[in-house]
Amino acid sequence: MPRRRFGQLVWLLFFGSGACGLMYEVVWARTMTHVFGSTAVAIGTVIAAFMSGLALGGWLLGKLADRFPRPLRLYAYLEIGVGIAALGAHLALSHITPAYIAVYEVFGRSGVALGISRFLMVFLVVLVPTFLMGGTLPVLTRYDIQHPSRVGRGLSALYAVNTIGAVAGTLVTGIYLIGTYGTHASVYVAVCGNLLIGI
């Protein structure tokens, strides 16, 4: 396959990656509303975990990309890792209530302990898959940009493709998937998407 056409395929995969990432965010924000009892707190917690994971993953895994001889293969590993970690995170979030209630009981039914434990548990669970997501942009940048003069333009294009995918994933999940198939099925669709992208 010519390099130009192969590059377009990589961009298409990164579009799908952005869509899957925001599918998780929409579903988990909706799910966590039942945990926190407040939409604002639920969305704030999930977004905080997402942004922290993306930043940390971009920083640490971006350094790894510079030393990895085959960045596209590393990208494939990251996508498969995101799918597996996101599935584990979703299952953990679906059964997180007994864990923070146990902490609540241990600390003498303290409202402060309840609030902190809920936040930390959700934050740490979501942090794992988003850490891997954060590494995908610098890794693909390392693959796609072979010459320093193309860094600004190439990085902007990759980010735009991923962002458009994220918008598409948000709309499809919020408007159609959750209402038609439910939260679990929506996550399974995103997990399959990440695994297929990696493969």
Point to revise | Gain on full stretching of the segment that runs from Ala157 to Arg109 - 0.36 nm per residue minus C-alpha separation | key: 12.2 nm
Revision key, fill the gap. Residue span Arg67 to Phe123: 0.36 nm per residue of separation minus Cα-Cα distance leaves a gain in nm of 17.2 nm
**Study point:** Highest to lowest packing among 177-183, 8-14, scored as the average C-beta count within 10 Å
**Key:** 8-14, 177-183
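Once you order the gyration tensor axes a ≥ b ≥ c over the Cα atoms, which shape class does the stretch 75-199 get: rounded for a/c under 1.5, otherwise prolate or oblate by comparing a/b with b/c?
Numbers: a/c = 2.58, a/b = 1.83, b/c = 1.41.
Prolate is the answer for the stretch 75-199, as a/c is 1.5 or above and a/b outweighs b/c.
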Practice item. Under 19 Å from a label point 7 Å along Cα→Cβ of Thr180: give me every residue in the stretch 5-21 with its amide N that close. Key: 16, 19-21
Practice item. Run the quick spin-label model on Ser52 and Ser94: label points 7 Å from Cα toward the beta carbon, then report their separation in nm to one decimal. Key: 2.5 nm
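Taking the mean number of other Cβ atoms within 10 Å as a proxy for protection, how do you rank 17-29, 121-133 from highest to lowest?
On the way: 17-29: 25.0, 121-133: 22.3.
Taking the mean over residues of other Cβ atoms within 10 Å, the ranking is 17-29, 121-133.
Coordinate-derived values only; no laboratory data. Note that this is a predicted model, so its numbers are computed, not measured. Ideal geometry is used to build each Cβ from the backbone, glycine not excepted, and the neighbour counts take in all protein chains shown.
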